[in-house]
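Engineer: Starting off with a structure, shown below.
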Amino acid sequence: MAKKVYVGLSGGVDSSLAAALLLEQGYTVTGVYMKNWTKDVAGFVCPWLEDYQDAKKVAVKLGIPFKLYDFEKEYRHKVVDYLIDGYQSGITPNPDIICNQEIKFKLFLDTALNDGADLIATGHYGRIKEGRLLRAKDKSKDQTYFLYRLKPEALTRSLMPIGDMLKSEVRVEAKKRSLPTAEKKDSQGICFIGKVGIKEFLLNELGPQSPGDIIDEKGQVIGRHDGAIFYTIGQRHGLNIGGGLPFYVTHKDIAKNQVFVTTNLDDNNLWSKELKLANFHYTYPDFNFSGEIDAMTRYRAKTIPCNVEKQGSKVKVVLKEPARAITPGQSTVIYSKDVCIGGGIIS
């Protein structure tokens, strides 16, 4: 009997093709739209209804059952509150990583299995081979950085059908099958808001923040900001400081509501070879960090050879070359060639 797969249909081309491919491979496929966020933000209309309708059109085109799972309450608690709390405490959290950990590969997985599924599938650019998470064929689209917190038991119950394809190939194959989403543009911005930036979202949720000083590397006040929580390490836009060279945020003091900047791209505060990771998660629990391993300190950054050392509850990563703008709250992910070993939150 064919295995039952519940595919998370987001209304985009990637998940649409994933569903089509699984159907062709002989699986019994059900499409599921996860309703995680419906609130309009800062004058922008949340695209959830359009995405839902596009997902439904794909299901109709493929002739598969279609369901809606309402996860909005859990999403608010697990992902949105995590994001807001992080910014308020002065770090730069990554909501996509927590969404994958808590919603797509936990809540969706559990709900689907209880609903009769044998497996779930998504349109992520990653590969799952023998229970291991591997980087996608298309390195420019690889999403394993956002998937490193998946539990091994989730990996054994999940499929990522487009991980062996280039994005260009996905578009071509979707057009071949006349999928309604074949030419739909990819969504941009925060995972649940679309076109709205993080600053607009935080302003919408928290209201205006207290302004404070922008201080250069000489300790001179050179400008004013509209709330230290809005700025992140390495940021150069939105500082509104006039004159010559661009300024970059090197660090900030949330308690004093101060943002520190420099025009020197070689400033020591912008580069680091050592970092510590909290809440380290092993995607590959049996790996002992032997052999050559690499670290990715931010999404789409190049991987850097490194050494890893356990230090109590944290993991110390020593990079073979310095990385720019190491940002507390973001993640660093460890790889052995294409295999994702795991990662943690930069502290």
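The values are calculated or read from the model by the stated rules, or taken from the named source; none is laboratory data. No experiment lies behind these values; they were computed from the predicted model shown. FYI the Cβ positions are ideal-geometry reconstructions off the backbone, even for glycines, and counts take in every protein chain you see. The area values use the complete protein model at the heavy-atom level, side chains included, leaving out ligands, DNA and RNA. Shrake-Rupley method; radii C 1.70, N 1.55, O 1.52, S 1.80 Å.
Engineer: Amide H to amide H, which residues 5 or more places from SER331 or on other chains are under 5 Å from it, using H placed in the peptide plane?
Structural biologist: ILE346
Engineer: I'd like the distance between the alpha-carbon centres of the range 1-65 and the range 129-208, rounded to an integer number of Å.
Structural biologist: 13
Engineer: Suppose we flag GluC sites (Glu not before Pro) only when DSSP calls them loop and at most 10 other Cβ atoms lie within 10 Å. Which is the longest uninterrupted stretch of the chain?
Structural biologist: Excluding the exposed sites themselves, the longest stretch runs over 1-129.
Engineer: Below 11 angstrom from the Cβ of VAL333, what's the summed charge of the other residues (Lys, Arg +1; Asp, Glu -1)?
Structural biologist: Computed value for this residue: +1.
Engineer: If amide H atoms are built 1.01 Å from N in the plane of the peptide, which residues on other chains or at least 5 residues away come under 5 Å of the amide H of LYS3?
Structural biologist: When sequence neighbours closer than 5 places are left aside, the close amide H contacts are THR28.
Engineer: Determine the per residue accessible area of the chain with all protein chains present and a 1.4 angstrom probe, expressed in square angstrom.
Structural biologist: Normalised by residue count, the accessible surface of the chain is 47 Å².
Engineer: So which of LYS57/LYS167; LYS256/LYS314; LYS39/LYS141 end up more than 24 Å apart by C-alpha?
Structural biologist: Pairs exceeding the cut-off: LYS256/LYS314; LYS39/LYS141.
Engineer: Calculate the FRET efficiency for VAL221 and LYS3 from the Cβ-Cβ distance with a Förster distance of 51 Å, rounded to the nearest 0.05.
Structural biologist: The formula returns an efficiency of 0.20 here.
Engineer: For the chain, with a Gaussian network of springs between Cα atoms less than 10 Å apart, report the residue from ARG127, ARG177, ARG298 with the top mean-square fluctuation.
Structural biologist: ARG177
Engineer: Just to check I understand the Karplus step: with θ = phi - 60° and J = 6.51 cos²θ - 1.76 cosθ + 1.60, what whole-Hz values come out for the range 337-347, glycine and proline as x?
Structural biologist: Whole-Hz 3J(HN,Hα) from phi for the range 337-347: 6, 8, 7, 7, 7, x, x, x, 8, 5, 10.
Engineer: Same structure, new question: Leaving ligands, DNA and RNA out of it, report the carbon-plus-sulfur percent of the accessible area of the range 284-347 at a 1.4 Å probe.
Structural biologist: That fraction is 46 percent.
Engineer: Another question, then. For a quick check: with amide H placed at 1.01 Å from N, whose amide H comes under 5 Å from ILE341's, ignoring anything fewer than 5 positions away on the same chain?
Structural biologist: ILE334, TYR335, SER336
Engineer: Can you tell me what share of the DSSP beta bridges in the chain is antiparallel? A percent to the nearest 5 is fine.
Structural biologist: In the chain, DSSP labels about 70 percent of beta bridges as antiparallel.
Engineer: Oh, and also: Tell me, what HN-Hα J-couplings in whole Hz come from the Karplus equation 6.51 cos²θ - 1.76 cosθ + 1.60 at θ = phi - 60° for each residue of the range 99-105, using x for Gly and Pro?
Structural biologist: Per residue, the Karplus-derived 3J(HN,Hα) values read 4, 5, 5, 9, 9, 5, 10 Hz.
Engineer: Report, in whole Å, the centroid distance computed from the Cα atoms of the range 75-115 and the range 298-347.
Structural biologist: 21
Engineer: Report the full-extension gain for the segment VAL172 to LYS67: residue separation times 0.36 nm, less the Cα-Cα distance, to one decimal in nm.
Structural biologist: 35.1 nm
Engineer: Hey, what number do you get for the chain at 222 nm if only DSSP H runs of n ≥ 4 count, each worth -39500 (n - 2.57), divided across all residues, to the nearest 500?
Structural biologist: -6000 deg cm²/dmol
Engineer: Let me ask you something else. What number do you get for the range 1-139 when its Cα radius of gyration is normalised by 2.2 N^0.38 Å, N = residues?
Structural biologist: Normalised Rg, Cα atoms only: 1.11.
Engineer: Counting only other residues whose beta carbon sits under 12 Å from that of GLU217, what net charge do I get with K and R as +1, D and E as -1?
Structural biologist: Result for the neighbourhood of GLU217: -2.
Engineer: Taking θ as phi - 60°, what are the ³J(HN,Hα) couplings along the range 262-268 by the Karplus curve (6.51, -1.76, 1.60), each to the nearest whole Hz, with x for Gly and Pro?
Structural biologist: With coefficients 6.51, -1.76 and 1.60, one gets 8, 9, 8, 5, 9, 4, 4 Hz.
Engineer: Where does helix 48-62 land angle-wise versus the long Cα axis of the chain, in degrees 0 to 90, nearest 10?
Structural biologist: Taking the Cα atoms of the chain, the angle to 48-62 is about 30 degrees.
Engineer: If Lys and Arg each add +1 and Asp and Glu each add -1, what is the summed charge of the other residues whose beta carbon sits under 9 Å from the beta carbon of SER140?
Structural biologist: Around SER140, the charge tally is +2.
Engineer: Over the chain, what per residue volume does the convex hull of the Cα atoms give, in whole Å³?
Structural biologist: 147
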